[in-house]
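Structure first, commentary second.
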Amino acid sequence: MELCAAHGPLDELDGLNPTRALILQGYYALRRTCGPTQIGVPQITRWIRSQEPKASRPSESLILLTLREAKVVRRGRGRPRADCPTQHPLFLA
C-alpha cells in the first residue's frame, strides 16, 4: 500500500484541504465501529484529539459543513434522547 505524505496533494477543486480530510478520516474511522447515526461532532472531535493530538481542532461548523458536503449519514444535531443512546462505549468521556 502506498503511503501518503502528511501534506500531500489535495485537490482544491473539491474543497478538500488537510483539515477537511482529517474530519472525513475521523468519520470513516469511527464508521468502522459505530453506526452512522451514532457519529456526530463530539465523536469526531474526540477522535481527532486522540489520534492526531498535534492537529488543529476544527470548529463545529466546519465539521458539520464537511459532513453535509460529503453527503454522509450522521447523527442529528441536539441532545440524544434517553431512549436512543448514541454513545459508543469506546468514546464515553
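The values are calculated or read from the model by the stated rules, or taken from the named source; none is laboratory data. None of the values given here were measured: they were computed from a predicted structure. Please note: Cβ atoms are built from the backbone with ideal geometry, for glycine as well, and neighbour counts cover all protein chains shown.
Against the conditions (1) surrounded by 14 or more Cβ atoms within 10 Å (Cβ to Cβ); (2) at pLDDT 90 or above; (3) part of a loop (DSSP other than H, G, I, E, B), residue 27 satisfies every one except (3). Comparison of 44, 39 shows that the only residue that is at pLDDT 90 or above, within 20 Å of residue 73 (Cβ to Cβ) and either under 13 Å from the mean Cα position of the chain (by Cα) or not aliphatic (A, V, I, L, M) (or both) is 44.
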